[in-house]
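A quick write-up on the structure given underneath.
What follows is calculated from the coordinates using simple rules that are stated; it is not laboratory data. Please read all numbers here as calculations on a predicted model, not as lab measurements. Using ideal geometry, Cβ is built from the backbone for each residue, glycine included, and neighbour counts are taken over all protein chains shown.
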Amino acid sequence: MISKKMVGYVQGSSAIRAMFEEGKKMSALYGAENVYDFSLGNPNLAPPEEVKQAILDVLHEESPTFVHGYMNNSGYEDIRQKVAENINQKHGTHFETQNILMTVGAAGGLNVILKTLLDPGDEVIVFAPYFGEYRSYVSNFDGVLVEVSPNTVDFQPNLEEFEKKVTAKTKAVIVNSPNNPTGVVYTEKNITALSNILRSKQEEFGTSIYLITDEPYRELVYDGVSVPYVTKYYKNAVIGYSYSKSLSLPGERIGYLVIPSEVDDFQDVVAAANVANRILGYVNAPSLMQRAVGRCLDAEVNIGVYDKNRKALYNGLTEAGYDCIRPDGAFYLFVKSPIENDVEFCNRAKKYHLLIVPGTSFACPGYVRIAYCVAYETITGALPKFKELMEEFK
Ligand code: PLP
């Protein structure tokens, strides 16, 4: 009796759910300490102490009817103003309150902007490998997802193929950097080249093409790598940000969209996004969390912990003979499967109690994703298992 569209969504999500269930079953059988679960991007670090203090301060200092009440669907004006100022300070931009829309995480923000922009049949381009949920987000609004195949040399965007895939129907492009699942940060050179392509295609077709960035991992970068702020390179850019990873708050569902005043049809886009936030059923981003993050915009998790994991895992797996992409950001390692069939490889890994995700879920078969937002002991315990697993394929 359920809708045909939902049948597809349920089937699509069952693989991840199956993995989650499998992890629980294995932990019950063998003990949690003997199961190496690298399947989820759920931060293992507690939120910074400032976040807890901010929540307490909000509850003590602000009026309960204000803190827990409805507000403008785009969020509290003072918080949007603070967010704008904070971005301006970090990135040398010139945003104001009207450019910020508080959202229910990055997922909420992406759904809002896609609902705002898409008519049925409009095309949205994504670069493989990409976060699999984009398929559903685009299909929610009857858009057509157009995939650009992966550049398996360095996992930077494949711009040659991209240029050929931009058509008169292209309404939006989604870019995710630092990337899930590769951890790769798209270079300034490539963001510039991508922007140039979009500008010339807009001119050729007489259309507006919106570049949407999905950046929950913006703050999680290593070795001083910088992540270009795309509004500086392209006028029709919309930023989707989230505190899920940067402040370890994924369950709290808080983030924002930046819609610069320079985007085509700015007033209409902002008005529509405000309504989209409401009628998608979010109404507004969680009120207490808006107030809390507004007080700790410069707080950070200790990225040194992820960096230690990154190095241990990258070095250990490389020594064991795995071919890995060295990640500059996020908390994922993308590893070439020693056999062509990545799904089969992930199944074989389960024998060693290793839970990893096939690249097929990210439209990049032949690779697997290892999420290293786990305890360091999980990595040191797992490395000998990965070694044994590799021996099977030598
Ligand atoms: N986009 C990417 C690339 C992600 O990896 C995730 C979560 O893992 C999301 C969006 C969703 O983030 P949020 O929890 O902020 O909705």
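Brief remarks follow.
- Within the chain, the selection of entire DSSP H helices by a Cα span of 27 Å or greater along the long axis and an average Kyte-Doolittle value of at least -0.5 returns 4-30.
- Oblate is the label for the stretch 1-157. Its Cα gyration tensor axes, ordered a ≥ b ≥ c, give a/c of at least 1.5 and b/c at or above a/b.
- Taking the number of Cβ atoms within 10 Å of each Cβ as an exposure proxy, the fewest-first ranking of Met289, Met26 is Met26, Met289.
- Shape of the stretch 203-253, Cα gyration tensor, a/c cut at 1.5: oblate
- Among Arg253, Arg278, a tally of other beta-carbon atoms within 10 Å of each Cβ gives an order, fewest to most, of Arg278, Arg253.
- Centre separation in Å (Cα based) which lies between the stretch 350-364 and the stretch 111-146: 25 Å
- Rounded to 5, the percent of DSSP beta bridges in the chain classed as antiparallel: 50 percent
- Result for the chain in a Gaussian network model with C-alpha springs under 10 Å: among Thr182, Thr65, Thr378, the largest mean-square fluctuation is at Thr65.
- Extending 7 Å from Cα along the Cβ direction at Ser63 and again at Asp223 yields two label points whose distance is 5.3 nm.
- Taking other residues whose beta carbon is less than 13 angstrom from the beta carbon of Leu288, and scoring Lys, Arg as +1 and Asp, Glu as -1, yields 0.
- For the stretch 187-266, the Cβ-based charge dipole about the Cα centre amounts to some 100 debye (Lys, Arg positive; Asp, Glu negative; other atoms uncharged).
- A simple spin-label model places the labels of Ile339 and Phe393 0.9 nm from each other, with each point 7 Å out along Cα-to-Cβ.
- Summary of the geometry: the stretch 247-272 and the stretch 66-87, compared by the centres of their Cα atoms, lie 12 Å apart.
- Each residue of the stretch 232-300 gets 108 Å³ once the volume of the Cα convex hull is shared out per residue.
- Value of [θ]222 nm, deg cm²/dmol, for the chain, DSSP H segments ≥ 4, -39500 (n - 2.57) each, nearest 500: -13500 deg cm²/dmol
- Computed over the stretch 204-345: relative contact order in percent, which uses C-alpha pairs under 8 Å that are six or more apart: 21 percent
- Taking every C-alpha pair closer than 8 Å and separated by at least 6 residues, the mean separation divided by the residue count of the stretch 351-394 gives a relative contact order of 34 percent.
- Charge sum, other residues only, whose C-beta stays under 12 Å from Thr192's C-beta, Lys/Arg counted +1 and Asp/Glu -1: +2
- On the beta carbon distance between Glu33 and Gln81, with R0 = 35 Å, the FRET formula returns roughly 0.15.
- Across the chain, Cα pairs under 8 Å and at least six residues apart give a relative contact order of 23 percent.
- Within the same chain, lysines fewer than 8 places from Lys351 are excluded, and of the rest, those with a Cα less than 29 Å from its Cα are Lys24, Lys25, Lys308, Lys311, Lys336, Lys385, Lys387, Lys394.
- Three-way shape call for the stretch 67-111 based on the alpha-carbon gyration tensor, with the a/c threshold at 1.5: oblate
- Panel order for Ser208, Ser244, by other beta carbons found within 10 Å of each beta carbon, from fewest to most: Ser208, Ser244.
- The simple spin-label model puts a point 7 Å past each Cα toward its Cβ; for Glu160 and Lys90 those points are separated by 3.6 nm.
- Total formal charge among the other residues, if their Cβ is under 10 angstrom from that of Val148, Lys/Arg +1 and Asp/Glu -1: -2
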